[in-house]
Amino acid sequence: MTLRLRLVLALVVLLTAGLVLFGLSTYSLYARNQYQRLDDDVRASVPFVTRQVVEAAGLASSPRPSSGQTPDSGGSGHDTGGGSPPPEAPVSTYGELRDSAGLVVSHVQLSTSTAQPRLAKTLAVGARPRLFNTGSVSGAGSWRVYVSAAGPPAPHGDTVVIALPSTGISSSLHRLVFIEVSGAALLLAVLCLGAWLILRRGLRPIERMAVTAGSISAGDLSQRVSPSGGPGEIGQLGLALNTMLDEIEASFAEREATEQRLRQFLADASHELRTPLTSIQGFAELFRIENDGGGAGLNSEIDLPTILRRIEEEAGRMKGLVEDLLLLARLDQTRPIERRPVDLAVLAADACTDAVAAAPGRAITLDAPKPVVVSGDESHLRQAIANLVANAVRHTPDGSAIDVGARLQDGQATVSVRDHGGGLEPTTLEHAFDRFWQADRARSGPGAGLGLSIVAAIAAEHGGSAEAGNADGGGAVFTLRMSLRPAGLELTP
């Protein structure tokens, strides 16, 4: 069952209950008012009708006037024939006088009608007059009956009975019921139709949201629901859904990018590991072939020491690659590191010393006039700076100068390494810190493409950043930026 149908049915049930209560209340109040008026008419006619039945029974020579009756109006209405009803009793009033045995002594009927109330032979009379309802002797009429002691001049024990027809009240009540039922049915029909149209218009945005949600569940995360925003509940719901969809789409995109990077990383790592393994396998097979020939490699162009040296070199290369991969894996775990004060100027000087020892023909200068103390892991930071210097040595021509600097700038510690080579292409600038990226054909040198990735990971580990760019005057410059004092740590340089 749809929400619209449930709301309409609930509205119909509530309206029906309200109309029923209203109709019952109206019917009850109207019926009570009508019967109260009829009782008042019966009581008002008691003196006049009593005189009429007493006179008809021959117990008085002429009717005696009572309060509200003129002397000349009393005897004109006691015969059972026609004539206009007297002013003291309503039209169709019926009266009779009964003796103590219950026998009818006389009766009068103030109309041309012959209808009479259906009365029991014995009518109980108490200390006070009583009123009750009864039917007609013939037909389907109804009467309101008044019974009381007759009083003088009637003998003691006589009873006077006065009845007024209540058929008109019943007809009025039936008409009232018909009007109420008809009006309620028409009102319910109009209200149901109006509620259906209003709810259809009001719930249309939710239906559109449901259709959009179906498309989204089918895999199209780019769709958005409308309306979104505004003071209404539907607008707020649309805004919340769109915000959630943005976050879900971003999460899916990030997951897909991560999976793509992981697949690419595994492929590149497999390729890089396969190269030294292939070399080791080749040299091992060469040694086996020469050894099986009986010469133990003595007559070969590549002797045993050369084969063992090449196997050792390739094994060392593979070991370095595995160590780099393990370091990157540990850095990706983003575990808290043990921080201690570290002087980046000292680490930069050590990196320059190592580079001079590895490449004596290089002109490597250091610009670190003051200590640059940060909080971090000394071994990781040392490797990051060493990787930057080694990257400059590896990817620039022999003899080109390298400038290393360690300074305090705008509340940050910076370590920069600039070479004087050919600079970086736009594509290389974009992917300089990607793992296994080796697309810069203008800059030559061995390596697996993990050095700068390790630098970026170490910078992120310490809440800093690694940047790459082209320096003014030519050459590439790589910069490592870090905060001097992380939150909650005070340093004393």
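Every number in this text was worked out from the coordinates using simple rules, so none of it is lab data. Everything numeric here is computed off the predicted structure, so don't read it as measured data. Glycine also receives a Cβ, built like all others from the backbone with ideal geometry; neighbour counts cover every protein chain displayed.
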Subject >> Cβ-derived FRET efficiency at R0 56 Å, Val12 paired with Arg43, nearest 0.05 >> reply: 0.75
Original post:
For the pair Ser217 and His174, what calculated FRET efficiency results from E = 1/(1 + (r/R0)^6), where r is the Cβ-Cβ distance and R0 = 45 Å, to the nearest 0.05?
Top reply: 0.15
**OP:** Take the Cβ-Cβ distance between Asp398 and Ser251 as r, set R0 to 56 Å, and report the resulting FRET efficiency rounded to the nearest 0.05.
**Re:** 0.70
**OP:** Would you calculate the separation in nanometres between label points at Phe22 and Thr306, each defined as 7 Å from the Cα along the Cα-to-beta-carbon direction?
**Re:** 11.0 nm
Subject >> Full-extension gain in nm, Leu237 to Leu187, via 0.36 nm per residue minus C-alpha separation >> reply: 14.6 nm
Original post:
Using θ = phi - 60° and the Karplus form 6.51 cos²θ - 1.76 cosθ + 1.60, what ³J(HN,Hα) does each residue of segment 143-152 get, whole Hz, x for Gly and Pro?
Top reply: 9, 10, 10, 10, 10, 7, 5, 6, x, x
Subject >> Cα lying deepest toward the dipole's positive end in segment 195-269, options Leu197, Ala269, Ala218, charges on Cβ >> reply: Leu197
Original post:
How many nm separate the modelled label positions at Ala284 and Val346, each set 7 Å beyond the Cα in the direction of the Cβ?
Top reply: 4.4 nm
Original post:
Non-local amide H neighbours of Ser148 (under 5 Å, H modeled in plane, Pro and chain starts lacking H): which ones?
Top reply: Val160
Subject >> Inter-part distance where segment 202-247 and segment 380-398 are each reduced to a Cα centre, Å >> reply: 52 Å
Original post:
What is the set of long-range amide H partners of Ser228 at a cut-off below 5 Å, with H atoms built 1.01 Å from backbone N?
Top reply: none
Subject >> Electrostatic dipole magnitude of segment 340-483 [Cβ: Lys, Arg +1; Asp, Glu -1; Cα centre; debye, to 20] >> reply: 140 debye
Original post:
Which one of Leu388, Pro426, Ser483 has its Cα pushed farthest toward the positive end of the charge dipole of segment 340-483, where Lys and Arg give +1 and Asp and Glu give -1 at the Cβ?
Top reply: Leu388
Subject >> Quotient of C-alpha Rg and 2.2 N^0.38 Å, computed over segment 163-262 >> reply: 2.21
Original post:
What are the ³J(HN,Hα) values, in whole Hz, obtained from phi via the Karplus relation 6.51 cos²θ - 1.76 cosθ + 1.60 with θ = phi - 60°, for each residue of segment 219-226 in sequence order, with x given for Gly and Pro?
Top reply: x, 8, 7, 7, 6, 9, 8, 9
Original post:
In the neighborhood of Arg224, defined by Cβ-to-Cβ distances under 12 Å, what is the net charge if each Lys or Arg adds +1 and each Asp or Glu adds -1?
Top reply: -2
Subject >> Segment Leu429-Arg224, extension gain: residue separation times 0.36 nm, minus the distance between their alpha carbons >> reply: 70.3 nm
Original post:
Over segment 340-483, how many percent of alpha carbon pairs lie in each 5 Å bin up to the one with the longest distance?
Top reply: 2, 11, 21, 25, 21, 14, 6, 1
Subject >> Integer Hz, Karplus 6.51/-1.76/1.60 couplings in order for segment 179-194, x for Gly and Pro >> reply: 5, 5, 5, 5, x, 5, 5, 5, 5, 4, 4, 5, 5, 5, 5, x
